[in-house]
1. For region 396-433, name all the residues that are open to solvent by 30 Å² or more (accessible area, probe 1.4 Å), among the β-branched types (Val, Ile, Thr) and part of a helix (DSSP H, G or I).
2. Answer yes or no as to whether Glu247 is surrounded by fewer than 20 Cβ atoms within 10 Å (Cβ to Cβ) and part of a helix (DSSP H, G or I).
3. Within region 72-90, identify whether any single residue is closer than 29 Å to Pro297 by Cβ and open to solvent by 10 Å² or more (accessible area, probe 1.4 Å), and answer yes or no.
4. Determine which member of the set Tyr315, Tyr241, Tyr222 is hydroxyl-bearing (Ser, Thr, Tyr) and free of Cβ contacts under 8 Å to residues at least 60 places away in the same chain.
5. I'd like to verify a number: residues in region 86-141 that are in a strand (DSSP E or B) and not small (Gly, Ala, Ser), how many?
6. Return a yes/no flag: does region 365-382 have any residue that is in a helix (DSSP H, G or I) and at pLDDT below 95.
7. Would you confirm, using the coordinates I've provided, whether Ala200 is under 13 Å from Leu246 (Cα atoms) and away from the ligand (no atom under 16 Å from the Cβ)?
8. Out of all the residues in region 91-111, which are buried (at least 22 other Cβ atoms within 10 Å of the Cβ) and within 13 Å of the ligand (Cβ to nearest atom)?
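The values are calculated or read from the model by the stated rules, or taken from the named source; none is laboratory data. Every value quoted in this text rests on a predicted model; they were computed, and no experiment measured them. Note: ideal-geometry Cβ built from the backbone for every residue, glycine included; neighbour counts use all protein chains shown. Only protein heavy atoms, including side chains, enter the accessible area calculation; ligands, DNA and RNA are left aside. Shrake-Rupley method; radii C 1.70, N 1.55, O 1.52, S 1.80 Å.
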Amino acid sequence: MTENTDEKLAAPTYPFATLPPEPTLAKPVRVLVLGGGFAGLEVCHQLDDPRYAITLIDRQNHHLFQPLLYQVATAGLAGTDIAQPLRSILSEQKNVTVLLDDVQQCDLDAGQVRTKHQTLGYDYLIIALGAVTGYFGHDEWARHATGLKSLNDALMIRRQVLGSFEEAERLGSEPHDEALLSMIVIGGGPTGVEMAGSLAELSRQVLPGNFRRINPAEAKVYLIEAGPRLLPAFSPELSEYTRQRLENMGVTVLLNTPVQAVEAHTVKLTDRTLRARTIVWAAGVRANPLTSTLKVPTDRAGRIAVAPDLSLPGYANVFAAGDIVSLKDPKGVVVPGVAPAAMQMGRHIAGVIKKDFTLAVKARGLPAPVPRAAYTYFDKGNMATIGRSAAVASAHGLSFRGFIAWLMWLVVHLLFLVGFRNRVIVLWQWMYSYFTYRRGARVIIGAERPQTEA
Ligand SMILES: Cc1cc2nc3c(=O)[nH]c(=O)nc-3n(C[C@H](O)[C@H](O)[C@H](O)COP(=O)(O)OP(=O)(O)OC[C@H]3O[C@@H](n4cnc5c(N)ncnc54)[C@H](O)[C@@H]3O)c2cc1C
């Protein structure tokens, strides 16, 4: 990959000669935003000005709050509770046109983007297409281990988990595959921890009493992590607290355990083989595959190595933001793939675009280039829940765990969730689950996972 060296961290410049004409109401600047996730949406919000004609393209009609996907997968929330139609979010912003379409190619030299249905030009292009589940070069594992990146993924996992309990009840005391009531989560980061904790709660606290022929609490939940501890972004003490808490909830935590292979209902480890009907992959992501067609430097995960102002090297009017970006900021911090970073980048890009014009208006005709500010990441801290009433959080040198961290987690996630209706519904669902030990989204819907031969 092209590393961002100190030398390259010098403020980038934008030659006047290539600046689009100053925007006017009669001839607004065309801004094309690819992806309506945290980054793309923030660019739109920040350029709420009729002198910018924004077109936002997404292949889904909704913005998805991915941090709560695990609750959809484990029947705590309905899919619609964490998604909001982009058209509705932006209904008041008259300078944005939303198009439901699939971006297929960006020809940066021609200044064109080709989608499934049309070809579009732009004055500024913002690529904010996010990440996809990454299987460390073993794409064949995707057939057997479901990632957690979309509503479809979450609904598929929910169907698999609830369907397994139904099948076990149908079989009752008849001999059946021990894998039926086993669940494996691969990856001990926040998503894996939250998923494993929630599966353990579902089987131990929510489902018992609803079944007559089986005891759901006997279901096995494994959490497998290749490294020496869970939640490597947190302090060792919080990692250890998380491990103990999960084990008390009935999760079998396997550390220092790299996965060798994933096959149908089977996970092969170095010293043994585990079998499970439900296998969830929470071990990693890689950039949207479209980056491989851009002819710009990328890192090993396919993320675009952007210039400090977030533009693409050699293309001053093309930016990338969010999970699709690989960047070390001026303080030397590797910017993580989290929602606050994506939003901050969106805000930065909008600021750069506005400034391009302010400076150009002041200095049009002068030969000097316009300097641009570099993006600096503001770290708001890390959080992860470990189930009912427990979480870990760290921010600005302070660490929290247990109930207080859990309350912090609830508040932060409610605040970041897009849409007032969704906030009210999610708060209501959480209160309902907390006081009744029930989960409100236990209906089995969504596409069935393509059957893998057992
Ligand atoms: C399970 C999970 C849990 C997470 N938990 C947290 C958390 O607790 N805290 C936190 O800060 N972050 C969390 N994250 C990370 C956070 O969600 C991402 O960092 C954030 O969503 C990145 O924003 P983005 O705008 O770059 O991409 P995204 O939000 O992924 O948006 C990308 C958009 O591009 C669209 N798109 C993709 N390809 C195409 C195409 N070819 N054509 C058209 N549209 C396309 C997608 O439909 C999507 O709407 C979590 C992520 C996951 C998956």
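1. Ile404, Val411, Val412, Val424, Ile425
2. On the way: surrounded by fewer than 20 Cβ atoms within 10 Å (Cβ to Cβ): yes; part of a helix (DSSP H, G or I): yes.
Here the answer is yes, as Glu247 does meet what is asked.
3. no
4. Numbers: Tyr315 fails: free of Cβ contacts under 8 Å to residues at least 60 places away in the same chain; Tyr241 fails: free of Cβ contacts under 8 Å to residues at least 60 places away in the same chain.
After ruling out the rest, the residue left standing is Tyr222.
5. First, pick out the residues of region 86-141 that are in a strand (DSSP E or B): 96-100, 103-107, 112-115, 119-121, 124-127, 131-133.
Then keep just the ones that are not small (Gly, Ala, Ser); that gives 96-100, 103-107, 112-115, 119-120, 124-127, 132-133.
Looking only at that region, the number is 22.
6. Pass one, region 365-382, residues in a helix (DSSP H, G or I): none.
Looking for residues that are in a helix (DSSP H, G or I) and at pLDDT below 95, one finds none in region 365-382, hence no.
7. Working: under 13 Å from Leu246 (Cα atoms): yes; away from the ligand (no atom under 16 Å from the Cβ): yes.
Here the answer is yes, as Ala200 does meet what is asked.
8. Keep residues of region 91-111 that are buried (at least 22 other Cβ atoms within 10 Å of the Cβ), which gives 96, 98, 106.
Those that are buried (at least 22 other Cβ atoms within 10 Å of the Cβ) and within 13 Å of the ligand (Cβ to nearest atom): Val98, Cys106.
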